[in-house]
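One structure is given here, and the rest of the page talks about it.
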Amino acid sequence: MEKLGSKFSTSFQNKVISSILSDRSFTRQIYDIIKPEYFDAESAEWLVKNILKYMHEFEKMPTLDVLKVKINTIERDVLKTSF
């Protein structure tokens, strides 16, 4: 799969993630087409993967507190500090 970075800047990718977290309607619209592999940064990929997984399991958006708990379970310090 082609990464977004080959076509879109890191800034744009961050705005997509921000929109996923803040706009439920937008997230529902792109849920079936957005893939974690599209993002350049490993941390962005991890974040999108976990948001989509949570939505699939619980049929609702994860809160920032839920994401914070998931981030705290990351064992790789390099990935954890990139958030």
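Please work out which one of (1) free of Cβ contacts under 8 Å to residues at least 24 places away in the same chain; (2) in a helix (DSSP H, G or I); (3) surrounded by 13 or more Cβ atoms within 10 Å (Cβ to Cβ) is the condition Leu47 fails and give its number.
That leaves (1) as the condition not met.
Looking only at the range 2-36, count how many residues are surrounded by fewer than 13 Cβ atoms within 10 Å (Cβ to Cβ), touching a residue at least 24 places away in the same chain (Cβ under 8 Å) and assigned to a helix (DSSP H, G or I).
1
Does Glu57 satisfy the criteria of being modelled with pLDDT of 90 or more, in a helix (DSSP H, G or I), closer than 23 Å to Lys3 by Cβ and open to solvent by 60 Å² or more (accessible area, probe 1.4 Å)?
Values: modelled with pLDDT of 90 or more: yes; in a helix (DSSP H, G or I): yes; closer than 23 Å to Lys3 by Cβ: no; open to solvent by 60 Å² or more (accessible area, probe 1.4 Å): yes.
No: the conditions fail for Glu57.
Here is a list of conditions, (1) in contact with a helix residue (DSSP H, G or I) (Cβ under 8 Å, 6 or more places away or on another chain); (2) at pLDDT 90 or above, and Ser18 meets all of them except one; can you say which number that is?
Every listed condition holds for Ser18 apart from (1).
What tally of residues in the range 29-45 results from selecting those that are within 15 Å of Asn14 (Cβ to Cβ) and hydrophobic (A, V, I, L, M, F, W, C)? Spell out the reasoning first.
Just the residues of the range 29-45 that are within 15 Å of Asn14 (Cβ to Cβ), to begin with: 34, 36, 38-45.
Pick out the ones that are also hydrophobic (A, V, I, L, M, F, W, C) and you get 34, 39, 41, 44.
Number satisfying all stated conditions: 4.
The values are calculated or read from the model by the stated rules, or taken from the named source; none is laboratory data. Every value quoted in this text rests on a predicted model; they were computed, and no experiment measured them. A quick note on method: Cβ atoms are made from the backbone with ideal geometry, for glycine too, and the neighbour counts reach across all protein chains shown. These area figures cover heavy atoms from the full protein model, side chains too; ligands, DNA and RNA do not enter into them. Shrake-Rupley method; radii C 1.70, N 1.55, O 1.52, S 1.80 Å.
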